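Undergrad: Below: one structure in structure tokens.
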Amino acid sequence: MTEFDDLLEANRAFAADFSLGGFDGVAHAGVAIVTCMDSRIDPLRMLGLRHGDAKIFRNPGGRVTDQALEALVLGVHLLGVTRVLVIPHTRCAMAASTEDELRERVGASAGQDASWQHFHVIADQRAALADDVARVRAHPLVPDTVAVGGFLYDVDTGLLSQEV
Ligand SMILES: [Zn+2]
């Protein structure tokens, strides 16, 4: 018995009627998504996409980090990406807390000092989104033929609104 038994059992059921073997790694809808790790976000379903359709990069806050850019460059040049969506969301902890608050809460949970841990909090979500979209558009290896948009996902209505 391990903490992972339920998940492995579910995986065996998943694999029992698995029909996706031999599938390529291309983004079949030409889509790449940068979004938050938040469990309220179902990136494929919220865009009407399916398995194989999109490249998805997630982190706290849904920020365009250096590694996100690395993923997007690979997506654009090697994996069929022609549309990039940057999607932060409402009620995101990374935008609703200060770094000190997060350090305090994590420290309380850990029972030890967490003041050294860096948390990339977001002071102004819309400004950060504009910066992130500009960062993708300005990347020398992301050609102008790639559409790049910034959207806010409302976790209470399920709706996306284009901001940038
Ligand atoms: Zn979030």
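Undergrad: What single numbered condition from (1) over 16 Å from the mean Cα position of the chain (by Cα); (2) under 29 Å from Val142 (Cα atoms) fails to hold for Val81?
TA: That leaves (1) as the condition not met.
Undergrad: Looking at Ala130, Ala123, Ala134, Ala96, which is the one that is in contact with an Asp or Glu (Cβ under 8 Å, 6 or more places away or on another chain) and free of Cβ contacts under 8 Å to residues at least 40 places away in the same chain?
TA: Values: Ala123 fails: in contact with an Asp or Glu (Cβ under 8 Å, 6 or more places away or on another chain); Ala134 fails: in contact with an Asp or Glu (Cβ under 8 Å, 6 or more places away or on another chain); Ala96 fails: in contact with an Asp or Glu (Cβ under 8 Å, 6 or more places away or on another chain).
Exactly one of Ala130, Ala123, Ala134, Ala96 is in contact with an Asp or Glu (Cβ under 8 Å, 6 or more places away or on another chain) and free of Cβ contacts under 8 Å to residues at least 40 places away in the same chain, namely Ala130.
Undergrad: Take the residues of segment 109-136 that are open to solvent by less than 80 Å² (accessible area, probe 1.4 Å) and small (Gly, Ala, Ser): which is farthest from the ligand (Cβ to nearest atom)? Don't jump to the end; show me each part of the working.
TA: From segment 109-136, those open to solvent by less than 80 Å² (accessible area, probe 1.4 Å) are 110-111, 114-115, 117, 119, 121-122, 125, 127-130, 132-134, 136; that's our starting set.
So of that shortlist, the ones also small (Gly, Ala, Ser) come out as 110-111, 114-115, 127-128, 130, 134.
Values: Ala110: 21, Gly111: 25, Ala114: 19, Ser115: 22, Ala127: 16, Ala128: 12, Ala130: 18, Ala134: 21 Å.
Out of the qualifying residues, it is Gly111.
Undergrad: Restricted to segment 1-47, and to residues that are under 25 Å from the mean Cα position of the chain (by Cα) and of a type in the set (S, T, N, Q), which residue is farthest from the ligand (Cβ to nearest atom)?
TA: Asn11
Undergrad: Keeping to segment 84-105, report how many residues are open to solvent by less than 60 Å² (accessible area, probe 1.4 Å) and more than 11 Å from the ligand (Cβ to nearest atom). Don't jump to the end; show me each part of the working.
TA: The initial filter retains those residues of segment 84-105 that are open to solvent by less than 60 Å² (accessible area, probe 1.4 Å), namely 84-90, 92-95, 97, 99, 102-103.
From what is left, the residues that are more than 11 Å from the ligand (Cβ to nearest atom) are 84-86, 99, 102-103.
Total satisfying the criteria: 6.
Undergrad: Follow-up question, since we're still on this one. Checking Arg45 against (1) under 24 Å from Leu160 (Cβ atoms); (2) in contact (Cβ under 8 Å) with a residue 12 or more places away in the chain, only one condition comes out false. Which one?
TA: All conditions are met except number (2).
The values are calculated or read from the model by the stated rules, or taken from the named source; none is laboratory data. Since we're looking at a predicted model, the values are computed, not measured. Note that each Cβ is placed from the backbone with ideal geometry, even for glycine, and that neighbours are counted across all protein chains shown. To get the accessible areas, we keep the full protein, side chains included, count just its heavy atoms, and leave off ligands, DNA and RNA. Shrake-Rupley method; radii C 1.70, N 1.55, O 1.52, S 1.80 Å.
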